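Have a look at the structure below before the remarks.
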Amino acid sequence: EGKLLDQLFQGYDKRVRPVTDPSDVVELKLGLKIQKIVKIDSKEQEMITRVWVTQVWRDPKLRWDVEKGGGIETIFVDPSEIWTPDISLYNNADDSVSVAGSEKKFQTKIVVANTGKVVWQSPATFRSECSIKIRYWPFDVQKCSMTFGSFIFPASALNVTSLYDSSFYTDRFMQSGDWDIKEVSLGRADTRPGKTTVSTLRLQITVERKPIYYIIYLISPCSLLLFLALMSFTIPSESGERIGFITTILLALTVYLLLVQQLLPETSDELPLVGLFCVIAIAETAFVLLLTILVLRCFYK
């Protein structure tokens, strides 16, 4: 195998695209399998996903005869030893890496067949930008996308197409505790960062939030507190506990409103209905407190 590697890499220049003619286009098949949605951060408007990335292309410079190669049909090489496409995530939100792709993200060995077929499979975790619509939170449906492409090669030099059909995008998907995947689609989304067109693929994920956690720990307590505030008039006036009871409810509703504010992004484009409900509940409780004060004032005159 060592002798075969020496023969293959003799005179091999990894800086040159794997084509026989400079005008030829490198055809890259890109496969994306979503393993898990780790987190969708509504406040930071980011999505963290684990993806199994497969890249397939042909390198005519890495062909050999199996019989002359000692019966070896495949070899394993490091990404730094051969030409590799610089496929990266365009809408990267990870500040720890400037380029979310290439050898910085894909660190597994590459499989090269005697036919020149090159297969690079690697798991990776991506942090991507995702615009969150918060109006119907926590009963919301979000659409997040991940765009992959080359930062260097135009479409005339590197053509990126999908390796799988739609049924493979969520193959062996691990269920998330917060989200259900409703739809996954992958399509061409060529961009023009300058005067040239770059071949890119956009993976769009439609997810629906599981609201039961927020119903139990947020919406239900707020509703119960509002009901108790309205029922405070049943407390006898002579008990002297009515004002303290309503004031406690008012403080509790304020705390829940602060919890909603901490979970959601600071934006004026959309106001969440849950937050609006909390504000109305606080206003009604304050109005009940004001009426209680007037009633007690009349009672003790």
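The values are calculated or read from the model by the stated rules, or taken from the named source; none is laboratory data. Everything numeric here is computed off the predicted structure, so don't read it as measured data. Heads up, the Cβs are rebuilt from the backbone with ideal geometry, glycines too, and the neighbour counts pull from every protein chain shown.
Look through 135, 202, 127, 192 and report the one residue that is among the basic types (Lys, Arg) and over 24 Å from residue 41 (Cβ atoms).
192
Taking the options 171, 180, name whichever one is among the charged types (D, E, K, R), at pLDDT 85 or above and not assigned by the TED database to the domain that holds residue 291.
Only one candidate passes the filter, namely 180.
Given the options 195, 133, 182, name the one that is more than 21 Å from the chain's Cα centre (by Cα) and farther than 20 Å from residue 16 by Cα.
195
For residues that are assigned to a loop (DSSP other than H, G, I, E, B) and either polar (S, T, N, Q) or not assigned by the TED database to the domain that holds residue 201 (or both), tally how many sit in segment 6-38.
Total meeting the criteria: 3.
Would you confirm whether any residue within segment 234-248 is among the polar types (S, T, N, Q), within 37 Å of the chain's Cα centre (by Cα) and closer than 21 Å to residue 290 by Cβ?
no
Residue check: is residue 36 closer than 29 Å to residue 126 by Cα, of a type in the set (Lys, Arg), out of contact with any Cys (no Cβ under 6 Å at 6 or more places or on another chain) and modelled with pLDDT under 90?
Yes; evaluated as a whole, the condition is true for this residue.
Taking the conditions exactly as written (without any contact (Cβ under 8 Å) to a residue 24 or more places away in the chain and either surrounded by 15 or more Cβ atoms within 10 Å (Cβ to Cβ) or in a helix (DSSP H, G or I) (or both)), does residue 253 satisfy them or not?
No; evaluated as a whole, the condition is false for this residue.
Conditions tested, residue by residue: (1) of a type in the set (A, V, I, L, M, F, W, C); (2) farther than 23 Å from residue 189 by Cα.
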{"site": "31", "(1), (2)": "no, no"}
{"site": "48", "(1), (2)": "yes, no"}
{"site": "68", "(1), (2)": "no, yes"}
{"site": "85", "(1), (2)": "no, no"}
{"site": "92", "(1), (2)": "no, no"}
{"site": "97", "(1), (2)": "yes, yes"}
{"site": "108", "(1), (2)": "no, yes"}
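Identify the single condition in (1) closer than 30 Å to residue 129 by Cα; (2) touching a residue at least 40 places away in the same chain (Cβ under 8 Å) that residue 261 does not satisfy, given that it satisfies every other one.
Status for residue 261: all satisfied but (2).
I want to confirm something. Restricting to segment 39-54 and keeping residues that are hydroxyl-bearing (Ser, Thr, Tyr) and part of a strand (DSSP E or B), which single residue is surrounded by the fewest Cβ atoms within 10 Å (Cβ to Cβ)?
Step by step, filter segment 39-54, then rank; the result is 54.
Is one or more of the residues making up segment 108-117 in contact with a helix residue (DSSP H, G or I) (Cβ under 8 Å, 6 or more places away or on another chain) and buried (at least 16 other Cβ atoms within 10 Å of the Cβ)?
yes
So which of 129, 67 ends up being out of contact with any Lys or Arg (no Cβ under 9 Å at 6 or more places or on another chain), among the acidic types (Asp, Glu), surrounded by fewer than 16 Cβ atoms within 10 Å (Cβ to Cβ) and not assigned by the TED database to the domain that holds residue 274?
Among 129, 67, only 67 is out of contact with any Lys or Arg (no Cβ under 9 Å at 6 or more places or on another chain), among the acidic types (Asp, Glu), surrounded by fewer than 16 Cβ atoms within 10 Å (Cβ to Cβ) and not assigned by the TED database to the domain that holds residue 274.
Checking residue 196 against (1) touching a helix residue (DSSP H, G or I) at 6+ places or on another chain (Cβ under 9 Å); (2) surrounded by fewer than 18 Cβ atoms within 10 Å (Cβ to Cβ); (3) assigned by the TED database to the domain that holds residue 151; (4) β-branched (Val, Ile, Thr): exactly one of these is not met. Which one?
Of everything listed in (1) touching a helix residue (DSSP H, G or I) at 6+ places or on another chain (Cβ under 9 Å); (2) surrounded by fewer than 18 Cβ atoms within 10 Å (Cβ to Cβ); (3) assigned by the TED database to the domain that holds residue 151; (4) β-branched (Val, Ile, Thr), residue 196 misses just condition (1).
Scanning segment 252-290 for residues that are at pLDDT 85 or above and over 17 Å from residue 219 (Cα atoms), which turns out farthest from the chain's Cα centre (by Cα)?
In this case the residue turns out to be 290.
So, residue 282, is that one more than 30 Å from residue 136 (Cβ to Cβ) and in a helix (DSSP H, G or I) or not?
Spelling it out, it is not the case that residue 282 is more than 30 Å from residue 136 (Cβ to Cβ) and in a helix (DSSP H, G or I).
Can you pull out the residues in segment 97-122 that are under 17 Å from residue 31 (Cβ atoms), at pLDDT 90 or above and touching a Ser or Thr at 6+ places or on another chain (Cβ under 8 Å)?
108, 110, 111, 113, 119, 120, 121, 122
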